[in-house]
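The values are calculated or read from the model by the stated rules, or taken from the named source; none is laboratory data. Every value quoted in this text rests on a predicted model; they were computed, and no experiment measured them. Every residue, glycine among them, receives a Cβ derived from its backbone with ideal geometry; neighbour counts consider all protein chains shown.
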Amino acid sequence: MKLCYLKRLIVAFLIVSMIIPTGVFAVDEELYIPDCSYQASTLEAIGVLDSIDKETMAQTVTRGLAAHNLAKLLGVSGVGNVGQFTDVTEETSYAKDIGAMADMGIIKGSGSGLFEPERQMTLQEFIKMLVSSMGYGVPAERAGGYPAGYVKIATGLNLFDNVEKMPLAKPFSTATMAVILYNSLDAEILSLDGYIDNGMKLKVNEKDTVLTAFLKYKSGKGVVEATEISSLTSANGTSDGQVLIDGVKYFTGAVDMKDMLGYRVDYYYSDDYNTKTIVYAEMSDKNDVLEIDSKDILDFSGMTLYYQNEYGKEKEADLNAKTDVIYNNRPAKPITKADVHIKNGKVVLIDNDSDGNYDVVKSTEYRIVYAKQIDYVNQVIHDEYNAKSPIDIGNAGKNADITILSRKGNEIELDNLEYDSLLSCVISRDGSYAEIVEVVDEVIGVVDEYYTEDGKTYVTISGKLYEVCY
């Protein structure tokens, strides 16, 4: 974890003035609303923010709301006493959170026994609350007091990362608060480590951050090697509701990670009694991803995929012996041309470690099936146009992952699938994975023309040209 230069000064029990670029927070403009979708989603998942809709993010932060979100960040929401301020009663929004902040000495009110919970908070007021809650109140006072000393400490802790210049003494948006709160998660907190002759002895514990000490969560980064559906290396995935990240198993809880196989992810998790449960996960921006539509694939030869880009220019993508290839959610070992040079679907190439080489290739190939006959007893779907390759669900195996969806998107059993259904199917080579979907759109009309050109088949129905998929 990166430590700021502030840490070394504190350990030496000496706080000196740190330089902050002049004018950084001096521009008085309209309310600044940064893009905070990732930060806000993370904070919502770990219980710091209640709502992250666009309207909420554009609102200004009140003193009561700031106390509420800070109480949630510190893990003390709803446990404070009420009565420290004459204008905060049991009926006041966030009353107990305001009380919790007062109990901890983080807020002292605005004078005359008032807190003014509905008043818009200024950015410098919020920074003082946050810096104080992280244990840096004494160093901030020594560094110049309010507001300059607190701003210097916040700058040293990188709390202003991804926040553009804005006025300190003005109200600020909930979106800005989200970015600053997110920046605080991995910051080390400062704690009392005894006393010395001229005051308190403070220390930074590298293992204690806002995230771990207050929220009891941990953060991680790694590559998803297996989900409950599939694995990079074996036919079977993990148990239901689990993923494997860099060799470690996690429960996924309410987080859907089925589509994250092969990607590097940033995630947060709880670790209670050696049970690791992910509470939030998102694909990392470290992934370099190339998606190629099947119609743009020209060839696959000698571990090189030849394709054309959107401008029709021929390009190459090189694989190697270490590249993991997943064909329709099952590993392809050894790699064959048919696993990558597909007819109908898309190929996704993933460089998940930013070394310029593709680590994972995920091919999704669709097969269009006209279910003229269905053997419900043996669970076999017979394809009118490919009689030699029926879909044999009955022999897929006990660990097979078979899903059938109706036109309305509801999961159904084979018994509910009707004759003459047009199906879009994703089926693994061994048949252990299949997603079978009833096609919503059907074309009814007179076939005017049927022909093949450049390896692709076309049909004209009632004057309109369609490409045929198999």
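For the range 193-203, the criterion of being modelled with pLDDT under 95, within 29 Å of the chain's Cα centre (by Cα) and of a type in the set (Lys, Arg) is met by none of the residues.
When residues in the range 337-394 are screened for being over 26 Å from residue 418 (Cβ atoms), outside any loop (DSSP other than H, G, I, E, B) and in contact with a strand residue (DSSP E or B) (Cβ under 7 Å, 6 or more places away or on another chain), 13 of them pass.
Quick check on residue 448: is it exposed (fewer than 14 other Cβ atoms within 10 Å of the Cβ) and either without any contact (Cβ under 8 Å) to a residue 40 or more places away in the chain or in the same structural domain as residue 299 (by TED's automatic domain parsing) (or both)? Against the criterion (exposed (fewer than 14 other Cβ atoms within 10 Å of the Cβ) and either without any contact (Cβ under 8 Å) to a residue 40 or more places away in the chain or in the same structural domain as residue 299 (by TED's automatic domain parsing) (or both)), residue 448 qualifies. Taking the criterion of being of a type in the set (D, E, K, R) and at pLDDT 95 or above, the residues of the range 222-248 that qualify are 225, 246. Looking only at the range 337-395, residues that are touching a Pro at 6+ places or on another chain (Cβ under 8 Å) and in contact (Cβ under 8 Å) with a residue 60 or more places away in the chain come to 0 in all. Note on the range 294-346: residues that are surrounded by 12 or more Cβ atoms within 10 Å (Cβ to Cβ), over 23 Å from residue 223 (Cα atoms) and basic (Lys, Arg) total 3.
Residue count for the range 206-248 satisfying the condition of being of a type in the set (D, E, K, R) and under 16 Å from residue 272 (Cβ atoms): 2. Of everything listed in (1) touching a residue at least 40 places away in the same chain (Cβ under 8 Å); (2) under 22 Å from residue 245 (Cα atoms), the single unmet condition for residue 278 is (1). Residues that are in contact with a Pro (Cβ under 7 Å, 6 or more places away or on another chain) and surrounded by fewer than 18 Cβ atoms within 10 Å (Cβ to Cβ) were ranked within the range 118-163; the one that is farthest from residue 30 (Cα to Cα) is 162. Of the residues making up the range 432-461, those that are within 22 Å of residue 420 (Cα to Cα), modelled with pLDDT of 85 or more and not in a strand (DSSP E or B) number 1. Considering 286, 221, the condition of being of a type in the set (Lys, Arg), closer than 22 Å to residue 362 by Cβ and in a loop (DSSP other than H, G, I, E, B) is satisfied by 286 alone.
Note on the range 61-158: enclosed helices (runs of 4 or more DSSP H) holding 3 or more residues that are under 23 Å from residue 32 (Cβ atoms), of a type outside the set (S, T, N, Q) and under 29 Å from the mean Cα position of the chain (by Cα) are 63-74, 123-133.
When restricted to residues that are modelled with pLDDT of 90 or more, surrounded by 15 or more Cβ atoms within 10 Å (Cβ to Cβ) and not aromatic (Phe, Trp, Tyr), the range 1-51 contains 13. In the range 116-143, the residues that are farther than 19 Å from residue 93 by Cα reach residues that are surrounded by fewer than 18 Cβ atoms within 10 Å (Cβ to Cβ) and among the hydroxyl-bearing types (Ser, Thr, Tyr) with C-beta atoms within less than 6 angstrom, at least six apart or across chains, in these pairs: 128/146; 135/191. Scanning the range 58-81 for residues that are closer than 16 Å to residue 48 by Cα, free of Cβ contacts under 8 Å to residues at least 60 places away in the same chain and not hydroxyl-bearing (Ser, Thr, Tyr) gives 64, 68, 71, 72, 76, 78, 79.
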